[in-house]
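The values are calculated or read from the model by the stated rules, or taken from the named source; none is laboratory data. Since the model is a prediction, treat every value here as computed from it, not as a measurement. Neighbour counts run over all protein chains shown; Cβ positions are idealised from the backbone, glycine included. Keep in mind that these areas ignore ligands, DNA and RNA; they rest on the heavy atoms of the full protein, side chains included. Shrake-Rupley method; radii C 1.70, N 1.55, O 1.52, S 1.80 Å.
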Protein chains: 2
Amino acid sequence: MKLYFAGSIRGGRADAALYARLIAHLKESHTVLTEHVGAPSAFPTVEKGMTDHDIWAQDMAWLRESDAVIAECSTPSLGMGYELAMAQQLGKPVYIFFDVRRGWLSAMLTGDPYYRIHPYESEEALFHAVDAALETI
Amino acid sequence: MKLYFAGSIRGGRADAALYARLIAHLKESHTVLTEHVGAPSAFPTVEKGMTDHDIWAQDMAWLRESDAVIAECSTPSLGMGYELAMAQQLGKPVYIFFDVRRGWLSAMLTGDPYYRIHPYESEEALFHAVDAALETI
């Protein structure tokens, strides 16, 4: 499958290494369209000389092309919230993962019956939950 | 006009007092449907005993009822990103304000030509920009 992996970029890069490990895991069995989200650089797309409009247009094209969205939501991000709502409009299956030890997920996500929400308490549990979710698509 | 004011709740309450001052200013001339966003409590809706589904259903009803969305985006928030994308789907005018001294706004917002983006560098400038935006609706 083609997966759109969503994580925080400008909202904060505290989880960039976690995103990279999760993307590497997903790539063992699938194509990840948004591999740059796990790059060690703070703003990987900006550093490639892309304008904000270029980044938006590319991400929306990848979102339309994807078979499903995998979102790691432990770091709050405006862009990720936008992507998850747009994914819903496009009818894409959306799987949301967040570390319950780090805080609360927005009620706009947990309260919307469209999303499949997976709280986790360890990285091992996250990987298991992602694998189980992908088997249901 | 009926305004939907958007700010961060679970994404972080660092700007709650700013939201309250901005909501008080908006209320001098308009109706603010989401006044609770400026409440001093951390999670104003949850403290009222509402479930996440109740919160989502109420916020979506207010979004549909609103004439325009005023969003203060300096604190990143998943719920706010979701609301801004949903507001676009509903065809609501969306005015986004953010303090440029605090960081970068998501390229999903700055890169999407739908939104009217207003960076500001002082609270006085924010209030002027909000008043100017409201005159264009």
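Against the conditions (1) assigned to a helix (DSSP H, G or I); (2) within 12 Å of another protein chain (Cβ to nearest Cβ); (3) farther than 13 Å from B:Ser106 by Cβ, A:Ile23 satisfies every one except (2).
Can you tell me which residue within the stretch B:76-99, out of those that are more than 15 Å from A:Ser8 (Cα to Cα) and out of contact with any strand residue (DSSP E or B) (no Cβ under 7 Å at 6 or more places or on another chain), is least open to solvent (accessible area, probe 1.4 Å)? Let's see the steps before the verdict.
Taking the stretch B:76-99 as the starting set, the residues that turn out to be more than 15 Å from A:Ser8 (Cα to Cα) are B:83-99.
Imposing the further condition that a residue be out of contact with any strand residue (DSSP E or B) (no Cβ under 7 Å at 6 or more places or on another chain) reduces the set to B:85-86, B:89-91.
Working: B:Ala85: 1, B:Met86: 19, B:Gln89: 89, B:Leu90: 81, B:Gly91: 53 Å².
Among them, the one singled out is B:Ala85.
Output the residue which, of all residues in the stretch A:28-51 that are farther than 22 Å from B:Gly79 by Cβ and in a helix (DSSP H, G or I), is most open to solvent (accessible area, probe 1.4 Å). Here the residue is A:Glu47. Taking the criterion of being part of a loop (DSSP other than H, G, I, E, B) and either of a type in the set (Phe, Trp, Tyr) or open to solvent by 40 Å² or more (accessible area, probe 1.4 Å) (or both), the only residue of the stretch A:60-75 that qualifies is A:Asp67. Considering (1) in contact with a Ser or Thr (Cβ under 9 Å, 6 or more places away or on another chain); (2) among the aliphatic types (A, V, I, L, M); (3) facing another protein chain (nearest Cβ under 7 Å); (4) touching a residue at least 12 places away in the same chain (Cβ under 8 Å), the lone condition that B:Leu84 does not fulfil carries the number (1). Selection of the stretch A:26-48 for residues being within 13 Å of chain B (Cβ to nearest Cβ) and not charged (D, E, K, R) yields A:Thr34, A:His36, A:Val37, A:Ala42, A:Phe43, A:Pro44, A:Thr45, A:Val46. The residue that is modelled with the lowest pLDDT, among those in the stretch B:100-137 that are among the acidic types (Asp, Glu) and open to solvent by 10 Å² or more (accessible area, probe 1.4 Å), is B:Glu135.
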